[in-house]
1. Scan segment 43-63 and tell me whether some residue there is at pLDDT below 90, under 18 Å from residue 104 (Cα atoms), part of a loop (DSSP other than H, G, I, E, B) and not charged (D, E, K, R).
2. What number of residues within segment 101-124 satisfy the criterion of being surrounded by fewer than 17 Cβ atoms within 10 Å (Cβ to Cβ), of a type in the set (Gly, Ala, Ser) and in contact (Cβ under 8 Å) with a residue 12 or more places away in the chain?
3. Would you mind finding the one in 98, 31 that is assigned to a helix (DSSP H, G or I), modelled with pLDDT of 85 or more and surrounded by 10 or more Cβ atoms within 10 Å (Cβ to Cβ)?
4. Those residues that are within 13 Å of the chain's Cα centre (by Cα), in a strand (DSSP E or B) and either of a type outside the set (Ser, Thr, Tyr) or on the phi > 0 side of the Ramachandran plot (or both), I need them from segment 7-25; list them, please.
Amino acid sequence: MAALPADSMQASLLLPMGHLGPAFLAYANFDVYTQWNQSLVYATTAAYFATRLAGAPPVHRGNAEAAKPRAGAGGAEEACGARHTMSARPDGVIRGADARAAVKAVQQKLGLPADSIPDPAFLAALGKM
């Protein structure tokens, strides 16, 4: 796969399955999807489908295990809530912008890849705190 040419366009890196999954660059026009439907899963899927229709090759599947809810996520949610403000009460499932921001903030403090996914390495590091 070739490197992208240098340009001055602003972009965000989306890692919907964490740092072990596929990566997408979202440019300013990605907002069109999220204005119509605020679900990041929907917007990413619709944008990916549009690029495939335009002839882009498929991306690798990534590590589906990283994106699955797992035992211990409730503890991670509570631990992150204690370290970072979350507006929702812990329910055992990491979701929503507040929860992702809290996980990311703790990952940064722990020196882990800050992808907002509470993977096994993150849960193990939380258990040692």
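The values are calculated or read from the model by the stated rules, or taken from the named source; none is laboratory data. Nothing here was measured: the structure is a model prediction, and the numbers come from that model. In this analysis, Cβ positions are derived from the backbone assuming ideal geometry, glycine residues included, and neighbour counts consider all displayed protein chains.
1. no
2. 2
3. One residue alone meets the criteria, 31.
4. 13, 14, 24, 25
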